[in-house]
Every structure is written in C-alpha cells, then in structure tokens.
Amino acid sequence: MSIHTPMDPGTPVPTSVPKSTAGKGLGVAALVIAIVALVLCWVPIVNNLAAVLGVIALVLGIVSLVIALKRNGSKGLGISSSVIAVVAIVLVFLTQAFYVKAIDEIAEGVQDAADGEVAAPAEVVEQAADETQVLALGTAATVGEYSVNVSSVDLDAGKAIAKVNEFNEKAKGQYVLVDVSVVYNGDEEGDAWLDLSPELVGSDASIYDTSTAMVVTAKPVTDAPTLTKGGKASYQVVFDVPAEAVSDAKIRMSESLSFSDDSKLWATK
C-alpha cells in the first residue's frame, strides 16, 4: 500500500471545470435592455416605457443568473443587468414623482396667474420695503421708453367705480383706483396700454394685476391714444384686492415685453 504526499508526483492534479456559456445570450440581452431603460428613465413620458424595459431586463437578468448557476455559466452578466434594471426602475419612480410635482407647481402658478394674483418674488418684496426705492406720488420716472407718473391713488374706490358705470360689479375685496400719466420718449410709436404693465404689490406679499378688476373707469387705459415722440396720455387702472393687501401697498410699473427688470415702485399714500 503506497502513501502519496502532496509533493508526490503520483498525486492526481485537480482540474478546474471550464465555465460554460449557459445563460450568456440572455445576460447580454438583459444588459442591453437595462442600459436602454437607464438612459430613457430621465425622459418625461418616455420613462413609462423605461419602466417596462427595466422589468423585462430584470426578468431576463434573473433567468440568466439562474441558468448560469445551474450549468456553471458566468454569473457576471446576470448580476450586472439585474442591478442596472433595478436602478432604472427606481429612477423611473423618482423622476415621475419629480415631474408630477413640477407639473403641479406649474399648474398652480398658471391658476394663480389666471386669477390676477401671484406671490411676489423676494426681490420685489425687498424693493417695496426699501423706502429709498419707492417713489412718492406725483414723481415721474423712466420705465422703458416712457416717463411715467403715478399721480394719485384711491385705496377705497368702490363708490367712485360705482358712479362711473352702473354695471360695474361690486369688488370682491376693495377697489384701488390709480391715476397714471405718461410721456412717450421713443422714436417710433407707442401704446401705453400695451407697452406698460401696472401692478399692485400688496402688503400680503402678493402681486395683483389689472385683470383682478374688470370694470369701466372714467379714463380707461384703452382710450389712451397711440403716441409719437413727446406725446402725452393720462388714464386710470383699477385693482380688486383683499383689504389686508392695501395698508402698505405699492404701485409697480414695468415694461410688458422686456427681459430686463426695468420697473419702478410708487407709494400709495
């Protein structure tokens, strides 16, 4: 009886079983589909398809991994495709939640704008609170191609509005009537009702535009003539705002179509 030691040349050398290609085809397909799902998961609407592709890639990856385990195949493709597929599916849900939130915020902003009321940006609130940046009534200032003067403000103009036209509706809050005069300084022609946007910056940190009050005034802005250089016009604008917005309100005038924030603020009393 012979005894063999590990160093004995007679000891048989163990041989490793070569890896088979079992499951490789499914693994490659799963990996490709998972990568496509990962790319598409960031695209709105299309990421719905990415979720489906992610599920398909995950199923194929798991099947590939099971086959590889049973038949001594390579597990790398099955594992990597499954991981990428799971990441893609998770990102689809995250991006969907982000897009839904963004759409809801936009919808709320559109709804607010449709009501003629929006939250005042922080810089506008700060400007309104800075007395050095607020003009006194009767002071002229340049806004775009116009010299604008907010000459007077009636903070409780319900009776005045009612006298102008019997069909003017009662204010939901209270009417603020503003008298404006302008001088056109441009080289062509200008229509103040198109070129300038009057707003009321309320004490409640909201901005109100003239669409809040669909009433007739004694001097409607739409009756202001088209102006040439040096031409003058005066008109009235009205805002319907809550009572709590009036106490320290400011009148803001800016260019209607401008990428620069060329606006001025006037006190209301």
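The values are calculated or read from the model by the stated rules, or taken from the named source; none is laboratory data. Everything numeric here is computed off the predicted structure, so don't read it as measured data. Note that each Cβ is placed from the backbone with ideal geometry, even for glycine, and that neighbours are counted across all protein chains shown.
Here are a few things to note about the model shown:
- Restricting the first member to segment 167-186 and to residues that are in contact (Cβ under 8 Å) with a residue 12 or more places away in the chain and over 21 Å from LEU155 (Cα atoms), and the second to residues that are outside any loop (DSSP other than H, G, I, E, B) and of a type in the set (S, T, N, Q), the beta-carbon pairs closer than 6 Å and six or more apart or on different chains are VAL183/SER147.
- Within the option set VAL55, VAL46, being within 19 Å of LEU94 (Cα to Cα), touching a helix residue (DSSP H, G or I) at 6+ places or on another chain (Cβ under 6 Å), in the same structural domain as ALA97 (by TED's automatic domain parsing) and at pLDDT 80 or above holds for one residue only, VAL46.
- Remark: pairs (first residue in segment 256-269, closer than 22 Å to SER152 by Cα; second residue at pLDDT 95 or above and surrounded by fewer than 13 Cβ atoms within 10 Å (Cβ to Cβ); Cβ separation under 7 Å; 6+ apart in sequence or on different chains) = ALA267/ALA136.
- Strands (runs of 3 or more DSSP E) (entirely within segment 128-185) containing at least 1 residues that are over 27 Å from LYS229 (Cβ atoms) and of a type in the set (Ser, Thr, Tyr): 174-184
- Any hit, segment 170-177, residues being surrounded by fewer than 17 Cβ atoms within 10 Å (Cβ to Cβ) and modelled with pLDDT under 95: yes
- The listed residue being at pLDDT below 90, surrounded by 17 or more Cβ atoms within 10 Å (Cβ to Cβ) and not assigned by TED's automatic domain parsing to the domain that holds ASP154, out of LEU77, LEU69: LEU77
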